[in-house]
Amino acid sequence: MRALLLILASITWLGTARAESLVVSLSNQHIDINSTYAGAQLVLFGVVIRDGRNATRADAYDVLISVKGPAGLVTVRRKELFGPIWLNREQQKFANIPATLGLISTRPFTEIVDSEFLDRFGMRFDNYILPKGAVQADGFAAALIRLKQDDRLYAIRDRDVSFLSPDVFRATLDVPATGPLGIYNVEVSLFAGGVRLAQAETFFTVGKVGFEQLIAREARDHGVLYGMATAAMALCFGWLASVIFRRD
Amino acid sequence: MDLYLPIAEMPINVLTVLAVSAAVGFVSGMFGIGGGFMMTPLLIFMGVPPAIAVATGSAQIAASSTTGTLAYWRRQALDMRLGLLLLCGGMIGTVLGVWAFGALRRIGQLDLVIVLSYVTLLFSVGTLMMVESVKTLAAKRRGQPANGSQRVHKPWYFKLPFSMQFPQSNLKASIIPLVALATLIGFIGAILGIGGGFLMVPALIYLFRVPTAIVVGTSLFQILFTMLAATVLHAATNQAVDILLALILILGGVFGAQFGARAARNVRGDWFRLMLAVLILTIGVRFSLDILVPPQEPYSFGTQETRR
């Protein structure tokens, strides 16, 4: 009982200590993949709710948004010289790596907080790749980040959150076309004067609909029939072409 | 014009894929090869996951070889008897190859084996054909009869037991070397994910002296049935066949193959062999550049498995 009271007390204490809180909302919670899907854009709106007691702040607000795609295992391989030829020799596996990652902010991160705090607030890709406590990505980990950036799966846009009024901001979130299906988590942090004031989370899902969904389901549930249908299609078109082109 | 592929899970430019598959289809119809050894790397280059590229490619090869087979069959340039025999050997080889594929993957040496066998095969086959056809062409120019293809003595492997007549191919030989050849090619094909036409065509021409015109039709016939089986197997076991991608590849491929088969009719045998040799060598050079030139980016990452 005493423990419970203590917990309750600490919660209220935490609550009063925070002068601001955040409310965020996405323009769309579900992204539908149809046959013309080529990636998507979402709009995120956020409102800063201020506690009346300290209505004025010397520093302007800053916002950092991270959009994290479904996570999974990635194997990174390195080509090495083996005799006269280059081959994939060494490899390293990384667990729980987000397939896509977008970091969006009002200003470059180093202007928002001191560089020594960058890690703590997840403002570098390294934080999502390396296990906790590791300092800097190098070798395989750095290569993974580089390759993900080359494929436009990881991206930093550091001047892309705009304030519509002192308390209301908006940002567009990009979903890469080659990003996987599943749940994408969105984390929004509010900063002022180098300190994190509030945090909010939301998510959206990416999934197939219509024809795309039908095909994927048939391929999974009736593999043999699906394969036979594909083979029949091949035969059919092959025969059709020879009929069309026949010139006897 | 972009279209999202339901199984590969990526958008792809329809016109680009159509153009590429038409070009591969043209070459495949012309030389009686499936074209898998060109199509698969091209699809992977476009960003299609390798497993899906290999599996879906087999559907396209099936379609192109249907058209090709029918065209040669109408012109009676297809030895059904020889084709069926080769098909039997090919099936045995495919089963063995699929088993070896799994075993090599378990020891972690699959990549190495694939790269080395591609380079070795393409170079040895290409060089052999190149030398042979240049010799023949040079001899013809000097006005001498080409001696390579008109040797009187039959090689020893023709005289093994179980002899069989193939009137259409003008061939009377033991079935043992024929089945062994088809088994070997089926085995290599299953490991490399190709139909093996580029091996079968020169082997039949040089080792068994089957007339070029018959070889192409017969090889296409065998590839057709191997690839139909491969399509169904890949779909059933790996769910790696993308029917939409297959449709685009087929549309481009069948028409390309049709023009290719037509073009082949106007090319003389020796020149035909020289052209095929150049094609095979070019692809061999392309593959060896991959492993000989120091890579700009030594790192790469495989397809990521994510929880749904």
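The values are calculated or read from the model by the stated rules, or taken from the named source; none is laboratory data. None of these values were measured; they are calculated from a predicted model. For neighbour counting, all protein chains shown are included, and Cβ atoms are generated from backbone atoms with ideal geometry for every residue, glycine included.
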TODO: Those residues that are more than 8 Å from chain B (Cβ to nearest Cβ) and either part of a helix (DSSP H, G or I) or of a type in the set (Ser, Thr, Tyr) (or both), I need them from segment A:215-243; list them, please.
DONE: A:Arg217, A:Glu218, A:Asp221, A:Leu225, A:Ala232, A:Cys236, A:Val243
Open item on the list: Being surrounded by fewer than 17 Cβ atoms within 10 Å (Cβ to Cβ), within 14 Å of chain A (Cβ to nearest Cβ), of a type outside the set (D, E, K, R) and at negative phi: is that true of B:Gly302 here?
Closed with: yes
Task: Residues (surrounded by fewer than 13 Cβ atoms within 10 Å (Cβ to Cβ) and within 7 Å of chain A (Cβ to nearest Cβ)) located in segment B:273-299 - done: B:Leu292, B:Pro294
Open item on the list: Give me the strands (runs of 3 or more DSSP E) completely within segment A:45-160, filtered to those with at least 2 residues that are within 12 Å of chain B (Cβ to nearest Cβ), modelled with pLDDT under 90 and over 16 Å from A:Val188 (Cα atoms), ordered by residue number.
Closed with: A:71-82, A:85-98
Open item on the list: Condition check: buried (at least 16 other Cβ atoms within 10 Å of the Cβ), at pLDDT 75 or above and closer than 17 Å to B:Gly186 by Cα. Does B:Val119 satisfy that?
Closed with: no
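Looking only at residues that are within 14 Å of chain A (Cβ to nearest Cβ) and more than 19 Å from the chain's Cα centre (by Cα) in segment B:203-240, which one is farthest from B:Gly186 (Cα to Cα)? Even if it seems obvious, please write down each step before you answer.
Applying the first criterion (within 14 Å of chain A (Cβ to nearest Cβ)) to segment B:203-240 yields B:217, B:220-221, B:223-240.
Okay, now just the ones that are also more than 19 Å from the chain's Cα centre (by Cα), so B:235-240.
On the way: B:Ala235: 19, B:Ala236: 20, B:Thr237: 19, B:Asn238: 20, B:Gln239: 22, B:Ala240: 21 Å.
Among them, the one singled out is B:Gln239.
Within segment B:74-82, is there a residue that is more than 14 Å from the chain's Cα centre (by Cα) and within 12 Å of chain A (Cβ to nearest Cβ)?
So in segment B:74-82, the residues more than 14 Å from the chain's Cα centre (by Cα) come out as B:74-82.
Adding the requirement that they be within 12 Å of chain A (Cβ to nearest Cβ) leaves B:74-75.
Scanning segment B:74-82, I find at least one residue that is more than 14 Å from the chain's Cα centre (by Cα) and within 12 Å of chain A (Cβ to nearest Cβ), so the answer is yes.
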- [ ] Only one of these is at pLDDT below 75 and out of contact with any Pro (no Cβ under 7 Å at 6 or more places or on another chain): B:Gln165, B:Gln144. Name it.
- [x] B:Gln144
Task: B:Gly90, sole failed condition from (1) over 23 Å from B:Ile283 (Cα atoms); (2) surrounded by fewer than 23 Cβ atoms within 10 Å (Cβ to Cβ) - done: (2)
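When segment B:16-55 is examined, which residues are found to be of a type in the set (S, T, N, Q) and over 20 Å from B:Ser117 (Cα atoms)? I'd like the intermediate steps shown before the answer.
Keep residues of segment B:16-55 that are of a type in the set (S, T, N, Q), which gives B:16, B:21, B:28, B:40.
Those that are of a type in the set (S, T, N, Q) and over 20 Å from B:Ser117 (Cα atoms): B:Thr16, B:Ser21, B:Ser28.
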Task: Failed item in (1) among the polar types (S, T, N, Q); (2) under 30 Å from B:Pro11 (Cβ atoms); (3) more than 11 Å from chain B (Cβ to nearest Cβ); (4) out of contact with any strand residue (DSSP E or B) (no Cβ under 8 Å at 6 or more places or on another chain), with A:Ser165 passing the rest - done: (2)
TODO: Inspect all residues belonging to segment A:70-92 and state whether any of them is touching a Ser or Thr at 6+ places or on another chain (Cβ under 7 Å) and within 23 Å of A:Leu42 (Cα to Cα).
DONE: yes
